[in-house]
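Written out below as C-alpha cells is the structure these notes cover.
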Amino acid sequence: MNAEETLKQIAQEVAVCTRCDLHFSRKNAVPGEGPANAEIMFIGEGPGFYENEQGRPFVGAAGRFLDELLAQAGLKRSEVWIGNVVKCRPPGNRDPQPDELAACDEYLERQIQAIDPKIIVTLGRFSMAKFMPGVKISQVHGQMRRVGKRFVIAMYHPAAALHQPKYKPQIMADFARLPELLEKARAELSRSPSAQEPDEPAEPQQLSLF
Ligand code: URA
Ligand code: SF4
C-alpha cells in the first residue's frame, strides 16, 4: 500500500472506530486531512463542535485563525497535513482523557509513518506532550527540536491565542519563522536523514535457531 492508500485505510477505520468511549457521542470522526507527501504535519488536540459536524479538522474559529497563520507563513492549507491526537470530539470540548489518548494514538502513529514529514508542529499541550513529555510550552514554543528522524516544533494552540490575546503575537511570530525552519529541516535531514533514536520500536529481530 502506498502512503495515500494507507491514509485512506486509516480514515476508514477511524470513521467506524469504537476503541474508546468518545465514539458514543461523536457525529463524525475526524481522521485528519492533507497530502500524503506533506513536509509538515500540524497536530491539534481533538475535534470541536464544527469539526464533529463536518468530519474535517480545524474548520471552526480556531481553524480560521490557523488558515491566517498558514497564509502568513506562505503555506497553503492544501499543502500541509492537519489532524489531531484524538479523532472524536470530547463532549463539551473537555480535555481528552489518558485512556482516550492511548486508544487513539495508534492511528496518529500510522499517519506519521505513512506521511514521514520533515516537521511536526504540535498545537497545544496534549499534542506537545506526545513528542516532548515534561516540557513547558512557555519555554519551548517556536523552537525546533530533532526527535528521531524528523523535527518537532511546539506552538501555542490557535484557540488559546483567540481566548487569551497575550498569546497572539507569540503564535504569529512562531508561525512567521516556519519557512526558515523548514529550510533548515530540509538541509539537516539531507545531511543526516536517519534517526538518532528510533521513532518507533524496531521490529523484533528474527533470530534463526539454525
Ligand atoms: N481544535 C483542535 O485541536 N482541533 C481541531 O480540529 C479543531 C479545534
Ligand atoms: Fe477510536 Fe480515536 Fe475515536 Fe476513540 S477517539 S473512538 S480511539 S477514533
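For the reader, a short list of remarks on this structure follows.
- Residue pairs meeting the criteria (Cβ under 6 Å; at least 6 apart or on separate chains; first in contact (Cβ under 8 Å) with a residue 12 or more places away in the chain and surrounded by 18 or more Cβ atoms within 10 Å (Cβ to Cβ), in the range 156-172; second small (Gly, Ala, Ser) and in a helix (DSSP H, G or I)): PRO158/ALA62; ALA159/ALA62; ILE171/ALA161
- Qualifying residue in the range 16-34 (condition: surrounded by 14 or more Cβ atoms within 10 Å (Cβ to Cβ), within 18 Å of SER127 (Cα to Cα), acidic (Asp, Glu) and away from ligand 2 (no atom under 14 Å from the Cβ)): yes
- For the range 56-95, a residue qualifies if it is without any contact (Cβ under 8 Å) to a residue 24 or more places away in the chain, within 16 Å of ligand 2 (Cβ to nearest atom) and part of a helix (DSSP H, G or I), and exactly one does: GLY92.
- Candidates GLY92, GLY142, filtered to the one that is at pLDDT 95 or above, within 15 Å of ligand 1 (Cβ to nearest atom) and surrounded by fewer than 21 Cβ atoms within 10 Å (Cβ to Cβ): GLY92
- Failed item in (1) modelled with pLDDT of 95 or more; (2) part of a loop (DSSP other than H, G, I, E, B), with ILE43 passing the rest: (2)
- Residue tally, condition under 16 Å from the mean Cα position of the chain (by Cα), of a type in the set (Lys, Arg) and surrounded by fewer than 23 Cβ atoms within 10 Å (Cβ to Cβ), over the range 61-89: 1
The values are calculated or read from the model by the stated rules, or taken from the named source; none is laboratory data. Keep in mind that what you see is a predicted model, and the values were worked out from it rather than measured. As a convention, Cβ positions derive from the backbone with ideal geometry for all residues, glycine included, and neighbour counts pool all protein chains shown.
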